[in-house]
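The next block holds one structure in the form of structure tokens; read it before the comments.
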Amino acid sequence: MHLLDLTLDTLAENLALDEALLDEAEAGEHTAGVLRVWESPFYAVVLGRSSPAEVEVNLAACAQEQVSVLRRCSGGGTIVAGPGCLMYAVVLPYEIYPQLQAIDVCHQFVLRKMTQILNPLVPGVSVAGTSDLVLDSNSAAPRQKFSGNAMRSKRKHILYHGTLLYGFDLLRLGQLLAKPAREPAYRDGRGHAQFVTNLPLPRSTLVRALVEGWDAAKKLKTWPQARTGAMVQAKYRFDAKWVIHQPN
């Protein structure tokens, strides 16, 4: 697998690049699989492909704070990106991993891999809900989420991507997001700041663990710049389905 450690200038470009890496693999232009990591330097809200913005997002607060609200190509719930939230994505070929064509197996495979990567560094990492990673404390305190994940499948490849909180301002979640319409049972009615936590790891350690765990030692020499630019033009400037709020 190859590594792409690249954060582009805008949220739209970063979302488009994940999708462009999937399209590039589908076109046969890259076949070895890719691990990408990136981190937004500013706060932004990212909805799942079908998430209702008026239900899941505090749109008034986002407008007041000049926070972008965009959709991504994958399903799953709404997240807030920003400093202290490492974003990761893997593009995996069905030719090597045919079992990933089943959605539930794909979640299990990737999240099991992530727990194997993180548990040596932070004991108590486990999977909860459909696609969350959580920390189990040694006390009677309930589990806390530090990672939400989603996927986008095509004919020959899967894009699986998610968040890894390590130094995020958790109060931002309650400011920018509404109470979710649906929530996993283990949340137990907790507010955003009580339900979510940060991994006690520096960014450098987290990135190194991902690179080693996914065996992504080779750096990707080129990235799909033209595809990414075309996708930004097509989806993130003119189509209201993908752009909910974009500050001037």
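Would you be able to say whether some residue in region 114-132 is surrounded by 14 or more Cβ atoms within 10 Å (Cβ to Cβ), in contact with a helix residue (DSSP H, G or I) (Cβ under 9 Å, 6 or more places away or on another chain) and closer than 23 Å to Leu220 by Cα?
For region 114-132, residues surrounded by 14 or more Cβ atoms within 10 Å (Cβ to Cβ), in contact with a helix residue (DSSP H, G or I) (Cβ under 9 Å, 6 or more places away or on another chain) and closer than 23 Å to Leu220 by Cα: present.
Evaluate region 213-229: report whether one residue or more is within 18 Å of the chain's Cα centre (by Cα) and more than 21 Å from Asn14 (Cβ to Cβ).
Looking for residues that are within 18 Å of the chain's Cα centre (by Cα) and more than 21 Å from Asn14 (Cβ to Cβ), one finds at least one in region 213-229, hence yes.
For every residue, the table says whether it meets (1) modelled with pLDDT of 95 or more; (2) outside any helix (DSSP H, G or I); (3) under 30 Å from Ile96 (Cα atoms).
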{"position": "Ser139", "(1), (2), (3)": "no, yes, no"}
{"position": "Pro142", "(1), (2), (3)": "no, yes, no"}
{"position": "Ala150", "(1), (2), (3)": "yes, yes, yes"}
{"position": "Leu164", "(1), (2), (3)": "yes, yes, yes"}
{"position": "Arg182", "(1), (2), (3)": "no, yes, no"}
{"position": "Leu199", "(1), (2), (3)": "yes, yes, no"}
{"position": "Asp215", "(1), (2), (3)": "yes, yes, yes"}
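Please enumerate the residues belonging to region 93-113 that are crowded, with 17+ Cβ neighbours inside 10 Å and β-branched (Val, Ile, Thr).
Across region 93-113, the qualifying residue is only Val110.
This table checks each residue for (1) without any contact (Cβ under 8 Å) to a residue 12 or more places away in the chain; (2) of a type in the set (Asp, Glu); (3) surrounded by fewer than 16 Cβ atoms within 10 Å (Cβ to Cβ); (4) more than 29 Å from Leu173 (Cβ to Cβ).
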site: Arg208; (1), (2), (3), (4): yes, no, yes, no
site: Asp215; (1), (2), (3), (4): no, yes, yes, yes
site: Lys235; (1), (2), (3), (4): no, no, no, no
site: Asp239; (1), (2), (3), (4): yes, yes, yes, no
site: Ile244; (1), (2), (3), (4): no, no, no, no
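Inside region 193-226, can you point out the residues that are in contact with a Gly (Cβ under 7 Å, 6 or more places away or on another chain) and more than 19 Å from Met87 (Cα to Cα)?
If the condition is that a residue be in contact with a Gly (Cβ under 7 Å, 6 or more places away or on another chain) and more than 19 Å from Met87 (Cα to Cα), then Ala193 is the only one that fits.
Only one of (1) in contact with a strand residue (DSSP E or B) (Cβ under 8 Å, 6 or more places away or on another chain); (2) modelled with pLDDT of 95 or more is not met by Gln101, so which one is it?
The failed condition is (2).
Which ones in region 26-55 are over 24 Å from Leu177 (Cα atoms), surrounded by 14 or more Cβ atoms within 10 Å (Cβ to Cβ) and either in contact with a Gly (Cβ under 8 Å, 6 or more places away or on another chain) or among the charged types (D, E, K, R) (or both)?
Glu26, Arg36
All but one of (1) of a type outside the set (Ser, Thr, Tyr); (2) under 18 Å from the mean Cα position of the chain (by Cα); (3) within 23 Å of Ala20 (Cβ to Cβ) hold for Phe146; state the number of the condition that does not hold.
Tallying (1) of a type outside the set (Ser, Thr, Tyr); (2) under 18 Å from the mean Cα position of the chain (by Cα); (3) within 23 Å of Ala20 (Cβ to Cβ), Phe146 fails exactly one: (3).
Taking region 3-23 only, how many residues are crowded, with 19+ Cβ neighbours inside 10 Å and in a loop (DSSP other than H, G, I, E, B)?
0
The values are calculated or read from the model by the stated rules, or taken from the named source; none is laboratory data. Predicted model only: the values in this text are computed from it and were never measured. Glycine also receives a Cβ, built like all others from the backbone with ideal geometry; neighbour counts cover every protein chain displayed.
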